[in-house]
Amino acid sequence: MRYHPSNGYIIRNNNIINRAVFEKSRYSIDDQIHVAEHELGHALGLAHNKFNSKSIMNPADMINY
Ligand SMILES: [Zn+2]
C-alpha cells in the first residue's frame, strides 16, 4: 500500500487473490465473492472488524454470513 506523502491518503494498493487456494479449500462461488469483497475493503484501508460481528471485514476464519 502506498500513501500520499503529504496527506497520508492511500494512493495505490495492489491485492492479488490466489485462486488456487479457492480450489484447494473448495470455496463456493459465494465464498470467493466474500473473499474478494473482504480484500477490496483492505484495499480501501479498512481493518478487520471485531469477532462475532456480521461484517465482511471479520478476520478470514471468523466470517459469519
Ligand atoms: Zn483481512
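Can you tell me the length gained on complete extension of the stretch Arg19 to Lys54, counting 0.36 nm per residue apart and subtracting the Cα distance?
Extra length from Arg19 to Lys54 when fully extended: 10.2 nm.
In degrees, nearest 10, range 0 to 90: what is the angle between the Cα axis of helix 29-43 and the longest Cα principal axis of the chain?
With rounding to tens, the tilt is 20 degrees.
Tell me the volume per residue, in Å³, of the convex hull enclosing the alpha carbons of the chain.
Convex hull volume per residue, Cα atoms: 82 Å³.
Just going by the charge dipole of the chain, with Lys and Arg at +1 and Asp and Glu at -1 on Cβ, which of Asn7, Gly45, Pro59 is farthest out on the positive end?
Asn7
Under 5 Å between amide H atoms, partner at least 5 residues away or on a different chain: which partners does Tyr3 have, H built in plane at 1.01 Å?
Ile11
How big is the gap, in Å, between the Cα center of the range 40-59 and the Cα center of the range 14-33?
17
Considering only protein heavy atoms and a probe of 1.4 Å, how much of the accessible area of the chain is carbon and sulfur, as a whole percent?
Carbon-and-sulfur percentage of accessible area, whole number: 53.
Please give the per residue accessible area of the chain, computed with a probe of 1.4 Å over protein heavy atoms only, in Å².
Each residue of the chain exposes 83 Å² on average to a 1.4 Å probe.
The values are calculated or read from the model by the stated rules, or taken from the named source; none is laboratory data. All values reported here derive from a predicted model rather than from experimental measurement. Virtual Cβ from ideal backbone geometry, glycine too; neighbours counted across all protein chains shown. Calculation scope for accessible area: heavy atoms of the full protein, side chains included, ligands and nucleic acids excluded. Shrake-Rupley method; radii C 1.70, N 1.55, O 1.52, S 1.80 Å.
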